[in-house]
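Down below is the structure, laid out as structure tokens.
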Amino acid sequence: MIRRFATLAWTCLASTVVANSNATELRYPEVWDADANPSITLDFDWLTIDPGFGGRPFRTRALGGSVPGPTIKLSPGTVLNVRFRNLLADQPESYKTSDFGRYNMYGDADMANLHFHGGHVSSVLPADDTTLVVHPGRSYDFTVPFPEDHMPGLHWVHPHHHGSSSLHLVGGAALALIVKDAPNSLPKEVENAEEKVLVFQDWDVPTARNIARKAGDEAFASSLDTIEGGLEVGQRFVTVNGMYQPTMTVVRGVWQRWRILYAGWQDLPLKLFMETNEAGCELQLLAKDGIFITDYPREITKTIPLPPGGRADFMVRCSNVGSTQFSALTRDTLTVVSQESDITRVDARDGLASSAVPEDSKNDTTLLNAQVTADLTPWQPASYPDYLQSVMEMPPTDGCTCPFVLKGYGDTSRMNGKTYRSGNNFQHTTYLGAIVQRELVGIYEHSYHQHIYPFQLVSGFEETEYFHFGDWHDTLLDGEGKKPSGVTTWVIRYQTTDIGGKMMVHCHNTMHADHGMMAKEYVREVAAGAGGSCECGIFGPISGPGLIEDDVGKVTVMGSVEEEVEEEANEEGLDENGGSTISYCVAVVTSCAAMIVSLSLD
């Protein structure tokens, strides 16, 4: 039962926004609450930014008017309605993947769509169908129901058009999406902790410039040419919330909940690590890929090997006054400064110590939530939803064990020896109720991601602090695991409980995915007794029971037919040439405040 409807319709066309790089204190994305705001629109457009790399500000494609975009929050049971507007203009000289010989190559620089990464949601339009194509000057209305029993957690949204995924992710087009925790469902120290959303992004400028030029995307390539700094790190930067090497100030001894998203696009784990730790910071793992672990708190003392596309929630406390230097991708990334505070008043009733704040600061939410406890309480959710019930001791259904071999680079990128084909072309099929097992090869150098259904880690690796048997993920990369274990095949397992339709699987190195390291499975909407069965290695069209109408072979393209463009233009305020005839709001951002200016564009 879906109990709430929320349309995300906040309009921010921010082609003139320039971030102020002089302030080094970490800033956080704006929060859009889909439960409270019934009307928000998500725009995809050019944005001028200055993360602090050196040189002049440069233009990139942004989602929602900032880099990263705003954080969307919603409750389980919400129907998320997103009007996605592609406000880019086509570059006539750029390469198109529909050109002869250019499929599974970089192209379509100004075409896009959205993927609700990590959501246990339908892949059938108008929901999370990444085969959708939205041309420049066009829009699409997504309707994405989040089930009532959806696990609370951190996910994200990003463009996912085949051919331009790399261009858009390397340019910072991504935002966090949080499914809210129910009130009083968490341990007190977690529920009371101040929440910090940290979006890590990889700006590999030489590689990005190379991709842009191969796609004929001269607008982005020439923009990247203005970046002059960072020669000592090969012009590869890591930003946190769009800022290069910011500082984060915390109160000594106070637990915070860090919600970390690595919006990555290459085959390197984030490798988040405390290079120095004068502040005495500790990290206790709470959740991975939006799913609570069963052995919280799990202390992580070594490098955090977060895969590209992966997320992790940590409870973090710094016990000393001082600073701690975090690196990511072997680069200095974030400085945490721990300062003293008046945490002296102890509430004997529950053993918690809280900040003794002045009377005139009692309404300061940050101070009121600054609470500390000596030890974290071991905890796991009272129950997990059906799609996250453990399958560790459940054998896979007959015929439902299939391989995925990820191999190759560039134009040799393959899944099971095949490149991606659109339309009615599938590698494997399953059905509702099946226990599905996948045997993954190449995970030490390629990151595996599947849509709709998270998977449980069953075997084929050596346990570490971060990777435990039985953990749930939707994105996986084990850059070091092959060395100690000598094993090359990871075994994952999940149950297809309630959502049917096509399911994308691919390498989350989008350079490999754009070159064809991507495939489709199909989950038939039929049970075993009604004709459901699994089939591996099809490499072609499917037919038979349990296929959803218009979901198997149809590819929806918004803007490919001139009549469609003109009809939509009348509805959306876009003329037939893609120009805007309606008013937008432009956010002019400084380090301290945002001023909203009304602007009419011709």
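The values are calculated or read from the model by the stated rules, or taken from the named source; none is laboratory data. Computed from a predicted structure; not experimentally measured. Note that each Cβ is placed from the backbone with ideal geometry, even for glycine, and that neighbours are counted across all protein chains shown. In case anyone asks, the SASA skips ligands and DNA or RNA and just uses the protein heavy atoms, side chains included. Shrake-Rupley method; radii C 1.70, N 1.55, O 1.52, S 1.80 Å.
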Exercise. Show the residue pairs that are 6+ apart or on different chains and have beta-carbon atoms under 9 Å apart, the first residue being within the range 69-95 and without any contact (Cβ under 8 Å) to a residue 12 or more places away in the chain, the second being open to solvent by less than 10 Å² (accessible area, probe 1.4 Å) and of a type outside the set (Ser, Thr, Tyr).
Key: none
Self-check item: Residue that is farthest from Gly553 (Cα to Cα), among those in the range 166-181 that are touching an Asp or Glu at 6+ places or on another chain (Cβ under 8 Å) and open to solvent by less than 10 Å² (accessible area, probe 1.4 Å)
Solution: Val170
Quiz item: So, in the range 381-395, of the ones that are open to solvent by 90 Å² or more (accessible area, probe 1.4 Å) and outside any helix (DSSP H, G or I), which residue ends up nearest to Cys318 (Cα to Cα)?
Solution: Ala382
Self-check item: Leu457, sole failed condition from (1) open to solvent by 20 Å² or more (accessible area, probe 1.4 Å); (2) in a strand (DSSP E or B); (3) aliphatic (A, V, I, L, M)
Solution: (1)
Exercise. Inspect the range 261-276 for any residue being aromatic (Phe, Trp, Tyr), under 26 Å from Leu175 (Cβ atoms) and touching a helix residue (DSSP H, G or I) at 6+ places or on another chain (Cβ under 6 Å) and give the result as yes or no.
Key: yes
Practice problem: Tell me which residues, restricted to the range 208-226, are in contact with a strand residue (DSSP E or B) (Cβ under 8 Å, 6 or more places away or on another chain) and open to solvent by less than 10 Å² (accessible area, probe 1.4 Å). | Solution: Phe220, Leu224
Quiz item: In this structure, does Val336 turn out to be over 22 Å from Ser447 (Cα atoms) and either open to solvent by 20 Å² or more (accessible area, probe 1.4 Å) or modelled with pLDDT of 95 or more (or both)?
Solution: yes
Practice problem: Keeping to the range 403-428, report how many residues are in contact with a Lys or Arg (Cβ under 6 Å, 6 or more places away or on another chain), in a strand (DSSP E or B) and not basic (Lys, Arg). | Solution: 2
Practice problem: State whether the residues of the range 426-445 include one that is touching a helix residue (DSSP H, G or I) at 6+ places or on another chain (Cβ under 8 Å), in contact (Cβ under 8 Å) with a residue 40 or more places away in the chain and open to solvent by less than 10 Å² (accessible area, probe 1.4 Å). | Solution: yes
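Yes/no matrix, rows are residues, columns are (1) at pLDDT 95 or above; (2) surrounded by 20 or more Cβ atoms within 10 Å (Cβ to Cβ):
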position: Val523; (1), (2): yes, yes
position: Ala530; (1), (2): no, no
position: Pro541; (1), (2): yes, no
position: Lys554; (1), (2): no, no
position: Gly559; (1), (2): no, yes
Exercise. Output the residues belonging to the range 175-194 that are touching a residue at least 12 places away in the same chain (Cβ under 8 Å) and in a loop (DSSP other than H, G, I, E, B).
Key: Lys180, Asp181, Ala182, Ser185, Leu186, Pro187, Asn192, Ala193
